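The values are calculated or read from the model by the stated rules, or taken from the named source; none is laboratory data. Bear in mind the structure is a predicted one, so any value in this text is a computation, not a measurement. Cβ coordinates were reconstructed from backbone atoms using ideal geometry, including for glycine residues, and neighbour counts include every protein chain displayed. Heavy atoms of the whole protein, side chains included, go into the accessibility calculation; ligands, DNA and RNA do not. Shrake-Rupley method; radii C 1.70, N 1.55, O 1.52, S 1.80 Å.
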Amino acid sequence: MASTDPTQLPLLPLLRVATHGDSSREARALRRGAERGLLHRVRRGVYVDLADWTALEARGRHVVTVRASVAGASPSIAVSHESAVALHGLPTVGRRLDDVVRTIDEHRRTVKRTPTFLVRPGPLPDDDVVEVAGVRVTSLLRTAADMARTASFAEAVLCVDAVLRRIVLGGEHRDGPDVDARLTQVRAALVSRVGPPGHKGGRAARRIIAFASPWAENGGESLLRIALHELGVAQPVLQKVFRLHGRVVARADVQLPDGAVLGFDGMEKLVDGRMLAGRSTAQALREQKARDRALLALPDVRTVIHCDYVDVVRPEQLAELLRAGGVSLDPRRIRAAARAARARFDGVGPR
């Protein structure tokens, strides 16, 4: 069983009653700490510091809940699906992560649901299980395949996009025949894990795997791809590199039909120190304008359109930007995309 680097996980110390015995002085102190508002009870007999718990976002809290829930679990069980997404740090959007831990048990034949667990049956070959923070969890490939079979279109695409980016590109932008060959290989590995098309979710999973792309650089860009697809924009090209006389002029987030180029902007690009990499916000804005000028000077670029996360949450706004840029859209697709987005989002961004 391989191991995944857990350094980015919120590894809060878990305080367990079982460590000392249910009737011990230490166990009574833990229960008093919870009564006094100093500790948070994660699961029966498992506590964490309340201040640490309060500081966590939804994903971090779910990771802590998973760790508190599966200690000592049978080796026939692995954390899976949305819980595996949280442990691997993959993006998700829409419905908030809850307290229910998702697992697969290869010894079960039916699904079991309790207030704290959703246990699915299924095989767990050794190469489909890794270890994250001491927890047995489905591998990146297996997690992507499981999500493609069972999750909504948007949640599955977010997951599979991110997994393809990690495995195929190593988190960096690369292209070429070697990358294409590797992508074909990884897609085939995913398809082999979703079962025949006749299996439950198999046909939809194949469509999602075919649609997914490693060139979506983050969850926001994956959601932009989904919005464009639902708006009926045909075959957008991601991370398009434009060259002139053999020289790279610029790289655009998305190349749209009829010479339109779309840039997905977020405030992070202008305020996040890591993304600024020593530049000021003003300098980042100047560089963005310079890229726009360079793109507009190319013969195959007609216009540059900028959008942001709010436009993805409200695709009718994205549609207005596209139509203003000369991109033709069917009003029926706009209405359908707006309905899909309302059902998808609950006020939180990709996590």
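Taking every residue in segment 120-148 that is at pLDDT 95 or above and pairing it with any residue that is assigned to a helix (DSSP H, G or I) and of a type in the set (Lys, Arg), at least 6 positions away or on another chain, the pairs with Cβ-Cβ distances below 7 Å are Asp128/Arg142; Leu140/Arg166; Leu141/Arg193; Arg142/Arg193; Ala145/Arg193. With respect to being buried (at least 18 other Cβ atoms within 10 Å of the Cβ) and touching a His at 6+ places or on another chain (Cβ under 7 Å), Gln255 falls outside the description.
Going by the structure shown, is Ser69 farther than 30 Å from Cys159 by Cα, polar (S, T, N, Q) and out of contact with any Phe, Trp or Tyr (no Cβ under 6 Å at 6 or more places or on another chain)? Taking the combined requirement at face value, the residue does not satisfy it.
Only a single item in (1) buried (at least 23 other Cβ atoms within 10 Å of the Cβ); (2) over 22 Å from the mean Cα position of the chain (by Cα) is not met by Ala86, and it is number (2). On the given criteria, is Gly60 under 20 Å from Val160 (Cβ atoms) and under 15 Å from the mean Cα position of the chain (by Cα)? No.
The residue pairs whose first member lies in segment 70-93 and is assigned to a loop (DSSP other than H, G, I, E, B), whose second member is hydroxyl-bearing (Ser, Thr, Tyr), and whose beta carbons are closer than 6 Å, counting only pairs six or more residues apart or on different chains, are Ser80/Thr103; Ser80/Thr138.
Restricting Ser23, Ser74, Ser80 to those that are open to solvent by 10 Å² or more (accessible area, probe 1.4 Å), of a type in the set (Ser, Thr, Tyr) and in contact with a strand residue (DSSP E or B) (Cβ under 9 Å, 6 or more places away or on another chain) reduces the list to Ser74. Condition check for Gly349 on (1) open to solvent by less than 30 Å² (accessible area, probe 1.4 Å); (2) at pLDDT 90 or above; (3) small (Gly, Ala, Ser); (4) within 24 Å of Asp161 (Cα to Cα): one failure, at (2).
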